[in-house]
Amino acid sequence: MKLITPNIEDFNSWTVDQMPTGFVMPGGLSEHYITGGWRSMRPVWNAEACTNCMLCWISCPDSSIIVQDGKMVGIDYDHCKGCGVCVHECRFGCLELIREDQADAAKEA
Ligand code: SF4
Ligand code: SF4
């Protein structure tokens, strides 16, 4: 199979005939998009209880656990998809998964 890297700049105007049957996208694209926009659940971090074990960082499929100087400092909500893996993996109960609408309501209160 011939692998191609298409120019996706005009992707929205492609017709069905122009769609390749298979292609490999260049790596690192999601960094340039706010992929967290489709999240329905949000992990909320309790910084005070965190032991910086980094289990969440190792487990996150979207590299959305933010680490500085070997310590967790937050969650990248622009790219976190709310899968809950980090919440499941945290052995210390420092992460909780809540609904996005509940998180928004708490912010507005
Ligand atoms: S919910 Fe999923 S994507 Fe978001 S920080 Fe946790 S593991 Fe990463
Ligand atoms: S898994 Fe839990 S305790 Fe470990 S760094 Fe992440 S939030 Fe902190």
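Only the coordinates and a few stated rules stand behind these numbers; no lab work does. Everything quoted here is computed from the prediction, not taken from an experiment. Please note: Cβ atoms are built from the backbone with ideal geometry, for glycine as well, and neighbour counts cover all protein chains shown.
Once you charge only the Cβ atoms, +1 for Lys and Arg and -1 for Asp and Glu, what is the size of the charge dipole of the chain about its Cα centre, to the nearest 20 debye? Write out the running numbers ahead of the final one.
Values: 8 positive and 15 negative charges, 70 e Å.
Approximately 340 debye in magnitude.
With springs only between Cα atoms under 10 Å apart, run a GNM on the chain and tell me which of G37, G84, G22 wobbles the most. Sorting by GNM fluctuation, first place goes to G22.
Here's the picture: charge each Lys and Arg Cβ at +1 and each Asp and Glu Cβ at -1 in the chain, and of L97, S40, P20 the one pushed furthest to the positive end of that dipole is L97. The mean sequence separation of alpha-carbon pairs under 8 Å and at least six residues apart, normalised by the residue count of the range 35-108, gives a relative contact order of 45 percent.
If you keep only loop residues by DSSP, which trypsin sites (Lys or Arg not before Pro) in the range 8-94 have at most 14 other Cβ atoms within 10 Å of their Cβ?
R91
Each residue of the range 51-64 was assigned a 3J(HN,Hα) from its phi angle through the Karplus curve 6.51 cos²θ - 1.76 cosθ + 1.60 (θ = phi - 60°); the sequence is 9, 6, 6, 6, 4, 5, 5, 5, 8, 5, x, 10, 6, 9 Hz, with glycine and proline shown as x.
For the range 40-109, chymotrypsin sites (Phe, Trp or Tyr not before Pro) are listed when DSSP marks them as loop and at most 13 other Cβ atoms sit within 10 Å of their Cβ; the list is F92. Our analysis of the chain gives Rg over Rh at 1.11, with the two radii drawn from alpha carbon positions and Rh computed by the Kirkwood formula.
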